[in-house]
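The next block holds one structure in the form of structure tokens; read it before the comments.
The values are calculated or read from the model by the stated rules, or taken from the named source; none is laboratory data. Keep in mind it's a predicted model, so treat the numbers as computed, not measured. We place every Cβ from the backbone using ideal geometry, glycine too, and count neighbours over all the protein chains shown. For the accessible areas, the whole protein counts, side chains as well, though only heavy atoms, and no ligand, DNA or RNA atoms are used. Shrake-Rupley method; radii C 1.70, N 1.55, O 1.52, S 1.80 Å.
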Amino acid sequence: MKKTLLLLLLSLMIGSISAQSITKPEVFFGFKPGADGMLINYEKLIEYLTILDKQSDRLLMTEIGKSPLGKPLYIAFISSPENIKNLDRLRVINQKLAIDSKLTSSEQKNLANEGKVFVLATLSMHSTEVAPAQASPLVVYELVSTNDIKKLKLLNDIVYMMVPTINPDGMDMVVEHYNKYKGTKYEGSSLPGVYHKYLGHDNNRDYLFLSQSDSKAISAITSTTWYPQVFVDKHQMGSTGPRYFVPPYHDPIAENVDAEIFNWIGVFGHNMVNDMTAAGLTGVTQHNMFDSYWLGSTKTCIFKNVIGFLNEAASAQVAKPIFVEPTELNVSGKGLSEYKKSANMVAPWPGGWWRLSDIVEYEIQAIESILNTASLYKERILTFRNDICKKEVEKGKNQPPYYFIVPENQLNKSELVDMVNLLREHGVEVYKLINEFTLENINYKKGDIVIPLAQPFRSFVKEVMEAQKYPERHYTPDGELIEPYDITSWSLPLQKGLSYKQIDTRNLDFEGKIERIMSRYTLSVQPSSYEFAILTSTDNQSYKMVFNAISKGVKVVRCEKDFEIDGIFIPAGSFILKKQNNIDEIIKDASFPIIYLNKLPELSLKQVSLPRIGLVETYYSDIDAGWTRFNFDDFGIKFTVLHPSDFELTDLTGKFDVLVFPDQSASILKEGKRKRDNQYIVSNYPPEYTKGMGQKGFENLMSYIEKGGIIVSWGASTALFEGTLAIKASNTTEEFKLPFRNDADRLAKRGLKCPGSLIRMNVVTDHPITWGVPSNIGIYYNGNTAFVTSIPDFDMDRRVLGYFEEDNLLLSGYISGEENLYNKSALIWLKKGKGQLVFFGFNPVFRASVPLNYKLLYNALLIDKLK
């Protein structure tokens, strides 16, 4: 006892000395963070934290990666000086507790005693949700300068890992926009475009497929590097409901996550509501609004045994205060049916002024509570981390499924390679067969991929490898279904178009025939000599290499029919490159087996050229257009962004061969206004960003089609071409109606519901748009589009290329009323004069998460113009 007191007194003396030389936030920034109308940009925030790093031995700034626009990402490690010095050792302890299922009881006890609870907090990933990042200098200053004995003890027990923001690019965009309009009527208006290079709000939907550099950097912290035991992601929400959300969550919750994870999440949440209420903060709510079912956000770490949760604070208008009338306070009905005192909100906020400084105060109190809870339960949390690791491994040994087997022989081998490397990036143990083996009457080949369930991240493996079945929960017995918060399918093999088997019988002999993949996986084969390289149309990477080759001046041709050579089947649409000086450089990074030949048979070939592509993007937080830009950049597809207001004065025919319209409201595209229930909604954007095509711009678009332009459109944007259209010539106007309509509204009234699921589409395979695609595939479908075609008039035509059969449509996720989709179309080609239109009733690039749909889009971009 005396020794502990002496240590604390010594720490107090050291803290007192260091506090005198530590720069206060208000001194550095010139204002107290959270002040009305004042925001810190990313560079200033990092500059301040770096100064504190030099001034205090309780803080260490570490770069962990780059943002999509190249800004450095950091973790600020905050703890006692001794812990900061011993971070490498503490990291080893974290790893052992997280993934070593063979620790003895004494080893576990010693590590739990020596280790510290690592609490990871990610701030303001959604960049208009500014308060968590703005509060961070105050939180850090207090922790590195405090003389409070309780806080010094806390710093001895925990390591606070603070990511100042996941999204520095967006943070700077939002701050710059706010300052531009500060003091004007548009102060606090919405940022035009997306607050990220590509994704905007969807940057919290990328934590399974890890398409972005920032997602990769954050995922690595919980998956392969630091293994923190506790994680909190800081967000904001609407302005007229509760002030602050803390867990536990509302139903449904993830069924593959162990009950103890949710119990621990509840411990942190209950302590938060208790501590924040005791501090006089009202409007804190639980079991409300947010569920913990869907996978893809930062909370994906709960499937890897991390006690992970989010907080959500009510928003001001960025940094501009708002006044909320008591009569304006309301709730959504999910967890709270009235804005009144209840079990899920014990102390309602009464209304009034709501400022950025208020949100900052809530954030400071919340993180203080989280750190106190981590300190209070230090040994129990660290012991639990190893207990859950052992428990998951034992489940994998004693209850099915025991393995997932993915044959090496796939149509789309490059996606198999990608999946293996992605799983390894997530910290999953992936193996391959070293000899043939027969299991459950199926003969598996040498090289087939095996993912055992007896591993620490078992719940993650099971969740991402199996087909999803949405857990139907109701507000009352036999009452209204609790609707999904987001999507309902994320099965990696299904969404990559890979065949696989779930094995429900354990076989120890089989386990002796597999070896772990310890380095980057590839199926590439390098030839000694060749004259022709064939990139099969079934492989996604073929298209990436072809786009790269053509951009470098390499001639590429496609075969128009299937053919076979030397016993090898080559599908229609496959690409053929003749050996040239720079071809080896292009194909050297192939991850799938290219077919190399010295001689070609007589074939019908056509040359491939890259079209001039215009990608239409609005300023209305056009997230799907952002995902499309990412997809095109990732695959090397060159394009020019067109805003709707550009259409009036742009020579569309002279500049573009193909115009791509991602999923966006037709009223926004045409009129610059969002429409709901036949009423226009006034936007929150400055007026220069709310211009649509207008009548003249739309007439220019119709003329583009008439002159042979190609349209590729999906989702809501297809409505732009529905109904009566007109082409204006010098003296005449031709009215026409394309031979299709979207029947989704009628089907919804008849009971169709499909909130983002993978469903089966039959494919007409003998068309250039469907080259490389099997006769039925999964598509990512949300129920908002279901085409019906009709017999055309005059110079129009149509072809149905993808359609729904009567039943058994669902592959993964949730659908009701699926019988309504019978004989409806999901992929159609239309002709008007020399113009062509390709309409998708699904999103072919959805969140970079359904690669099996990509080829349909790329083929559509490459179709020949009509003569």
Tell me, please, whether a residue that is under 30 Å from Asn94 (Cβ atoms), open to solvent by less than 20 Å² (accessible area, probe 1.4 Å), of a type in the set (Val, Ile, Thr) and over 29 Å from the mean Cα position of the chain (by Cα) can be found in the range 321-344.
no
Please find, among Glu617, Glu560, Glu602, the residue that is surrounded by fewer than 20 Cβ atoms within 10 Å (Cβ to Cβ), at pLDDT 95 or above and of a type in the set (Asp, Glu).
Glu560
Selection from the range 480-515 of residues that are more than 21 Å from the chain's Cα centre (by Cα), closer than 28 Å to Pro252 by Cβ and open to solvent by less than 70 Å² (accessible area, probe 1.4 Å)
Leu481, Ile482, Tyr500, Ile503
Does Asn305 satisfy being under 30 Å from Trp353 (Cβ atoms) and among the polar types (S, T, N, Q)?
no
Just checking, does the range 838-857 include any residue being among the polar types (S, T, N, Q), open to solvent by less than 10 Å² (accessible area, probe 1.4 Å), under 22 Å from Phe740 (Cβ atoms) and part of a loop (DSSP other than H, G, I, E, B)?
no
Report, by residue number, each residue of the range 93-129 that is open to solvent by less than 60 Å² (accessible area, probe 1.4 Å) and over 26 Å from the mean Cα position of the chain (by Cα).
Ile93, Asn94, Leu97, Asp100, Ser101, Leu103, Gln108, Leu111, Ala112, Gly115, Lys116, Val117
Quick check: is even one residue across the range 726-745 in contact with a Ser or Thr (Cβ under 9 Å, 6 or more places away or on another chain), closer than 22 Å to Ser790 by Cβ, in a helix (DSSP H, G or I) and open to solvent by 40 Å² or more (accessible area, probe 1.4 Å)?
no
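Here is a yes/no grid of residues against (1) among the charged types (D, E, K, R); (2) open to solvent by less than 20 Å² (accessible area, probe 1.4 Å); (3) in a helix (DSSP H, G or I):
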| site | (1), (2), (3) |
| --- | --- |
| Arg424 | yes, no, yes |
| Gly447 | no, yes, no |
| Ile451 | no, yes, no |
| Gln455 | no, yes, no |
| Phe460 | no, yes, yes |
| Val464 | no, yes, yes |
Checking the condition modelled with pLDDT of 95 or more, part of a helix (DSSP H, G or I) and within 30 Å of Tyr403 (Cβ to Cβ), which residue from Pro493, Pro471 passes?
Pro493
Breaking point among (1) over 15 Å from Asp743 (Cα atoms); (2) touching a Lys or Arg at 6+ places or on another chain (Cβ under 7 Å); (3) open to solvent by less than 20 Å² (accessible area, probe 1.4 Å), for Asp795:
(3)
Of all residues in the range 199-257, which are in contact with a Gly (Cβ under 7 Å, 6 or more places away or on another chain), open to solvent by 10 Å² or more (accessible area, probe 1.4 Å) and under 30 Å from Arg355 (Cα atoms)?
Arg205, Pro248, His250
Residue in the range 759-770 that is open to solvent by less than 50 Å² (accessible area, probe 1.4 Å), over 30 Å from Thr536 (Cβ atoms), touching a residue at least 60 places away in the same chain (Cβ under 8 Å) and more than 29 Å from the chain's Cα centre (by Cα) present
no
Can you report the number of residues in the range 644-694 which are among the acidic types (Asp, Glu) and buried (at least 21 other Cβ atoms within 10 Å of the Cβ)?
1
Looking at Ser519, Ser537, Ser591, Ser529 in this structure, which one is among the small types (Gly, Ala, Ser), outside any helix (DSSP H, G or I), out of contact with any strand residue (DSSP E or B) (no Cβ under 6 Å at 6 or more places or on another chain) and free of Cβ contacts under 8 Å to residues at least 12 places away in the same chain?
Ser519
Conditions (1) more than 30 Å from Phe118 (Cα to Cα); (2) modelled with pLDDT of 95 or more; (3) in contact with a strand residue (DSSP E or B) (Cβ under 7 Å, 6 or more places away or on another chain); number of the one not met by Glu429
(1)
Which pairs do you get when a residue that is within 26 Å of Gly427 (Cβ to Cβ), found in the range 438-459, comes within reach of a residue that is among the basic types (Lys, Arg) and open to solvent by less than 10 Å² (accessible area, probe 1.4 Å), reach meaning Cβ atoms under 7 angstrom, with the pair 6+ apart or on two chains?
Phe457/Lys304
